[in-house]
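One structure is given below, encoded as C-alpha cells.
The values are calculated or read from the model by the stated rules, or taken from the named source; none is laboratory data. Because the structure is a prediction, the values reported are computed rather than measured. Here the Cβ is made from the backbone with ideal geometry for all residues, glycine too, and neighbour counts use every protein chain on show. The accessibility values were calculated without ligands, DNA or RNA, using every heavy atom of the protein model including side chains. Shrake-Rupley method; radii C 1.70, N 1.55, O 1.52, S 1.80 Å.
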Amino acid sequence: MKLKYAGITNSETFIKWDPKFKIGIPLIDKQHETLVNLCDDFYQSLLRNKDSSVYHSLVKETLDKCLDYAATHFREEERLMKASNFSGYKEHKASHDAFTEKCKINSLRIDSISITEAIKFAHFLYDWINTHIAHEDRLYLPTLVEFLKKQQSVQ
C-alpha cells in the first residue's frame, strides 16, 4: 500500500490518505488520516509561501501544527500499546521519540533553512509516515485487537 506521492515542483497533492491504509481501529485510522493531511498541508505551505516575505513563519506555523498533532497521536497510540501489554512497546516508543526529536530539530531551524532543505524534510515526513503506518503500526495490531475484544466482552 502506498500513499500518493507528487514531485517536488508539483503543486498537486503531495501525500494523500488511501482508505486501503486503514489498520481497522477507527480512532487510530482517523488520527493517521489527520497526520497525512497535516503533512500535505506542510508541503503545500512550502509551495504556496516560498516567495512570501513571511515564508518561514507561515511554514513554521504549519509544521508546528503537524508536530503537535503527532505528539497527541503518539500519546494515544502508546497508551493503547501499554494497556494491551504490547511486547514491542519500547521499540515502538523509541521510533516515536526519534521521529519527534528529528522534527523538533527541524522546527527550530526552519527559520534558516532553504526551500530545498524544507522540501527534503517534507519527503522525510512522507517516508516516515508511509513506513510507520504501513509496517510498524501493524505490529501492535493483533495485540491491540485482542485487548479491545476482551474490553468489549467485559462491558
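Some notes on this structure:
- Calculation over all alpha carbon pairs of the chain in 5 angstrom steps from 0 returns a P(r) of 1, 9, 18, 21, 18, 13, 9, 5, 3, 2, 1, 0 percent.
- Dimensions (Å) - region 49-92, Cα atoms, principal axes, largest first: 50, 15, 9
- In the chain, a dipole from Cβ-located charges (positive for Lys and Arg, negative for Asp and Glu) runs towards its positive end, and of Val54, Ala94, Ile110 it is Ala94 whose Cα lies farthest in that direction.
- Folded to 0 to 90 degrees: helix 89-108 orientation relative to the chain principal axis, Cα: 20 degrees
- Normalised by the number of residues in region 1-154, the mean separation of alpha-carbon contacts (under 8 Å, six or more apart) gives a relative contact order of 26 percent.
- Computed [θ] at 222 nm, helices only, for the chain once each DSSP H run of length n ≥ 4 contributes -39500 (n - 2.57): -23000 deg cm²/dmol
- Ranked packing of 23-30, 120-127, most packed first, by mean Cβ within 10 Å: 120-127, 23-30
- Tilt relative to the chain, helix 141-154 - C-alpha long axis, 0 to 90 degrees, to 10: 50 degrees
- Charge dipole magnitude, Cβ of K and R +1, D and E -1 - region 1-119, Cα centre, debye nearest 20: 260 debye
- Long pairs among Lys30/Lys82; Lys20/Lys50; Lys50/Lys120; Lys22/Lys50; Lys65/Lys104; Lys22/Lys149, criterion Cα-Cα beyond 22 Å: Lys20/Lys50; Lys22/Lys50
- As a fraction of the 1.4 Å probe accessible area of the chain, surface on carbon and sulfur atoms comes out at 53 percent.
- In the context of the full set of protein chains, residues of the chain present 56 Å² of accessible surface per residue (probe radius 1.4 Å, heavy atoms only).
- With respect to the chain, whose longest principal axis is taken over its alpha-carbon atoms, helix 115-131 is tilted by about 10°.
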